[in-house]
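One structure below.
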Amino acid sequence: MQTKLYIDGELTDGLAGREIDVINPADGTVLATVAEAGAEDIDRAVAAATQLGPLTSEMRRDRVVGHLKAAVDENAKILTGGTEYGLGGGLWTADLSRAHRVASAMRSGMVWVNCYKRVNPGSPFGGVGRSGYGREMGFAAMAEYTTEKSVWINVDAPIPDWYAQ
């Protein structure tokens, strides 16, 4: 996965070229590796922010949110595929087309849009990767307990001699 800094509406490499690990304090595992921002990067970010001019805070927020939405859409597969687990994920948006596009790219057995952890017994439940085996609930669960087989029974057709008994 690429690690970038978000400066002036663009994803860019850190000038120092270094990365740092984000550690889970509960168990010491590495959650993510991110670009390290040095003093030069901070100066670039401050300079970019001050060049916005007389924009209102609402206009600034809309510009930043717009860039973040585009970055998430373009990198949804990377953002959700960096793990070997994939039970469920959620996203919030008012744009139904975007919801379908991002949900399709997510590596997850279940995706909730504008809600989280709501289930219905008629809907299959299960993950991808190391998040479970198969599906529970719904018609998909019944397939886990069945095996398809074809059985052909001849009741009246003559059998050729070359099928020796």
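The values are calculated or read from the model by the stated rules, or taken from the named source; none is laboratory data. Computed from a prediction, not measured in an experiment: that's the story for all the values here. Cβ atoms come from the backbone with ideal geometry, glycine included; neighbour counts cover every protein chain shown.
Can you pull out the residues in segment 25-50 that are closer than 30 Å to residue 85 by Cα and surrounded by 11 or more Cβ atoms within 10 Å (Cβ to Cβ)? Result: 31, 32, 33, 34, 35, 36, 37.
When restricted to residues that are modelled with pLDDT of 65 or more and loosely packed, with under 12 Cβ neighbours inside 10 Å, segment 51-63 contains 1. With respect to the conditions (1) more than 28 Å from residue 115 (Cα to Cα); (2) at pLDDT 75 or above; (3) out of contact with any strand residue (DSSP E or B) (no Cβ under 7 Å at 6 or more places or on another chain), residue 98 falls short on a single one, namely (1). Residues in segment 105-125 that are hydroxyl-bearing (Ser, Thr, Tyr) and within 21 Å of residue 73 (Cβ to Cβ): 108, 116. Scanning segment 122-155 for residues that are part of a loop (DSSP other than H, G, I, E, B) and modelled with pLDDT under 75 yields a count of 5.
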